Amino acid sequence: MDKERIIGKLTQSSKKKHLIVGSVLLTLIFLYLMFSDFGLITRFSLMYKKSTIEERIANELQDVEDLKRQKVNLIKDTIEIERTAREKYGYVKENETIYVIKSDDE
């Protein structure tokens, strides 16, 4: 009987040790999967950065297309050239009177 009781105590203590070791290992694996360079937090952060950069790229490509369209208009369309010269550089035609209208904000 003493042998059976001793064996029973040994198996109970070894079960406890296995449970503790298993819990520690699972905790370490969980922490590694969450916080390492290959973890979930890093992955979500990188996915957010990627979507932000892709959005910026799409906006920049749209700006490029708008500038190309504006360039073509400035090369071919004389009315567009005249409008741009008047707006940006203040050009006026001969015998033309300019009226400056001040708003209440100024």
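Residues that are within 18 Å of the chain's Cα centre (by Cα) and of a type in the set (A, V, I, L, M, F, W, C) were ranked within region 53-80; the one that is farthest from Tyr91 (Cα to Cα) is Ile53.
Looking only at residues in region 60-106 that are out of contact with any helix residue (DSSP H, G or I) (no Cβ under 6 Å at 6 or more places or on another chain), surrounded by 10 or more Cβ atoms within 10 Å (Cβ to Cβ) and among the polar types (S, T, N, Q), the one that is modelled with the highest pLDDT is Gln62.
The values are calculated or read from the model by the stated rules, or taken from the named source; none is laboratory data. Quantities reported herein were computed from a predicted structural model and do not represent experimental measurements. No Cβ is skipped: glycine too gets one built from the backbone with ideal geometry, and neighbour counts run over all protein chains shown.
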